[in-house]
Amino acid sequence: MKKQRSLTPFALLLLALTLALGPAGRAQETTPAPTPPAEKTPEAAAPTPALSPEQKPAEAVPVPPPAPVVATPPPAPVEQPATEAAIAEKVDEAVGKIAQKAEEQADRTIEKTGEKISQAQEKAAQAQEKITRAEEKIRAKRDRMRPGGAAGGDRVRIMDDVTVPADMTVKGDAVAVMGDMRVDGEVQRDAVAVMGDNVINGHVHRNAVAVMGDLTLGPTARVDGDIVSIGGEIHRDPGAVVGGEVHVQGLEGLEGKFTGLNTWWGKTLRLGRPLAIGAHLGWLWILTGFSVAFYALLALLFPQSVRRCGDKLVQEPGLSVLAAVLSLLAFPVLFILLCITIIGIPIALFLLPIGGLLMVLFGKAAIYALVGRKITGDRLHLALATILGALVFIVLYLFPVLGLLLSLLVSFVGFGAVMLTMFSSKPKPAASAAVIAPVPTTPMPAASAGFVGAPAEVATPVVTEPPGMPPVEPAVPPVIPIVSVAPAAPTISAVTLPRAGFWIRVGAAFLDFMIIVVPLGIMGLMDFGPGILFLGVAAYHATMWKHKGTTIGGVICGLKVVRLDDRPIDWGVAMVRALTAFLSFIMAGLGFIWVAFDNEKQSWHDKVAGTTIVRVPKGASLL
């Protein structure tokens, strides 16, 4: 019995170990790396001694394994080592894949970024190249705007000055024709002035030349080549450095004679005017005085022809311009035809140019005489009127640009008036109607056929007076003194007078424009912009229309502004007409051109203000 009792606790212990190690064994089967049982439970590995049926306890056989122990999940400490290893391995694998993908993505991103950076660098280089070219163009334009032109190559100016500043280098030649040269910087080749002075205060790598002008070398001048003066003088400062030779070439005793010509180019034509006041221009005014005397001589020798040319210009200004154009086109053809005939070569070379020049001068004399006649009311001698008109134009010739344009216009229109007068028929004088005063006749008895020649005596009736009455004296008709009645002045009205056309209006407007611009230019008001010019034009015209009904140009051309209802022009009408005239001007001048196509000869501002312009007959006072 004692032996059985000693084995029973051992069996119970073995059963408990079996039940405890059963779930662990099943968990180890599910894992990829099971743990050997020898290491965990060395007691379970020992062989159990065989028991005889007598020794085996009866109560131990039917005992089933407890249900709660079988249903219990495997304890965490047993399965934790295998699960952490698997998770760690999977995490490492996932981390490796993520790192590999991130690395590949980073490589692709870096590659794309590098490509974009390269493209951006190329675009930046292209943009920088464009900026550089633009800067070069801007620099070139800036250099061209500076006196003398661009610094990249040759600098050549005709009828203009050339100046090389101290901070500029001309890589080529610097040439001024009919202008002055001034070098304060550097010229890598020649510096030449033709018909102008050459002043050097900088560095000229080659020669410095002045033709028909003076050459001046300042204290800082340096010329590596020769200095040459033809028809002028050389003024050299002691500090100037010349690497070559000095050449002074005269024009057979004409040294210094071109100073006046150079001054004329610089102060007149280059500024757009035929006349100027200044030193070395005395010869020009002497020539102008002889010209005025020649015009007066033409008016003195050919008064009727001068009057006809002026009147033809006033009557048919459009045809005069057309005749000038056609004549200029015909002159070259005539010259060629005369040269083809061989015999006509002297005419083509001498008579044709001289004849054209004389016609131009005769036309200018006619225009000067016309202006003088209009100013004086044709009360002066024609020669004096010509001189007066010439003096007016000489004053206008002194203004830049306008003076040259006016001179060319006078020559052109005068030439056309002469040509039109030459090829138009001479107007026949109108036959004056003879006024026969009625002669009182006394009835005479009829004479017989045989008595012709002796007047018959008229029988005087004998009146018998009644007695006692005083004798009646024959009635003597009263003597009525004859009084010469001056013709009434013509009424200035839009109904009775002819209306002015387009061209005569243009002529009057041009004269008014010159009259306004000249004082504004003298006073320096033109520098304030076109606004002062528009204000002056409006004020001038409105004032003249209100007080005189015309302007100075209208007085010269015989024009007057009248209202359609023949009432006097007041300030309201004058201001409306002056302001709406700008509307006619702004629309490309269409409001003024409208006169040429309108049956009523009204411009746009005439229609707005209810006015028109009429031509006043000669003798009517406009002032």
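The values are calculated or read from the model by the stated rules, or taken from the named source; none is laboratory data. Just so you know, these numbers come straight off a predicted model, no measurement behind them. Glycine also receives a Cβ, built like all others from the backbone with ideal geometry; neighbour counts cover every protein chain displayed. We work out accessible area using only protein heavy atoms, side chains counted, and drop any ligands, DNA or RNA first. Shrake-Rupley method; radii C 1.70, N 1.55, O 1.52, S 1.80 Å.
Annotations for the structure displayed:
- The modelled label-to-label distance for the pair Lys112/Val518, using points 7 Å beyond Cα in the direction of Cβ, is 8.2 nm.
- Cross-link table Lys364/Lys560; Lys123/Lys171; Lys374/Lys548; Lys137/Lys171, entries beyond 22 Å C-alpha to C-alpha: Lys364/Lys560; Lys123/Lys171
- Listed values for the stretch 241-247 are Karplus-derived 3J(HN,Hα) couplings in whole Hz (6.51 cos²θ - 1.76 cosθ + 1.60, θ = phi - 60°), namely 10, 10, x, x, 9, 10, 10, and x replaces Gly and Pro.
- Near Ala366: Cβ cut-off under 10 Å, other residues only, Lys/Arg at +1 and Asp/Glu at -1. The net charge is +3.
- Other residues within the sphere of radius under 15 Å centred on the Cβ of Pro274, judged by their own Cβ, net out at +4 (K and R +1, D and E -1).
- Stretch gain in nm, segment Asp237-Glu89, where the contour uses 0.36 nm per residue and the Cα spacing is subtracted: 43.2 nm
- Taking a Cβ cut-off of under 15 Å around Tyr295, the surrounding Lys, Arg, Asp and Glu residues balance to a net charge of +3, with basic ones at +1 and acidic ones at -1.
- Each residue, His247 and Asp378, gets one label point 7 Å from its Cα in the Cβ direction; the gap between the two is 6.6 nm.
- Whole-percent carbon and sulfur share, accessible surface of the stretch 365-410, 1.4 Å: 79
- Label-to-label distance, Leu391 versus His205, with points set 7 angstrom from Cα along the beta-carbon direction: 6.0 nm.
- Expected-Rg normalisation [2.2 N^0.38 Å, Cα atoms] applied to the stretch 178-334: 1.57
- Taking all protein chains as shown and a probe of 1.4 angstrom, Glu233 keeps an accessible surface of around 100 Å².
- With a 1.4 Å probe rolled over the protein heavy atoms of all chains, the accessible area of Phe412, Phe399 falls in the order Phe412, Phe399, largest first.
- The stretch 191-310, accessible area per residue, ligands and nucleic acids excluded (1.4 Å, Å²): 49
- Solvent accessible area, Å² - Phe502, 1.4 Å probe, full protein context: 50
- Taking 0.36 nm per residue of separation and subtracting the Cα-Cα distance, full extension of the segment from Leu583 to Ile354 would add 77.8 nm.
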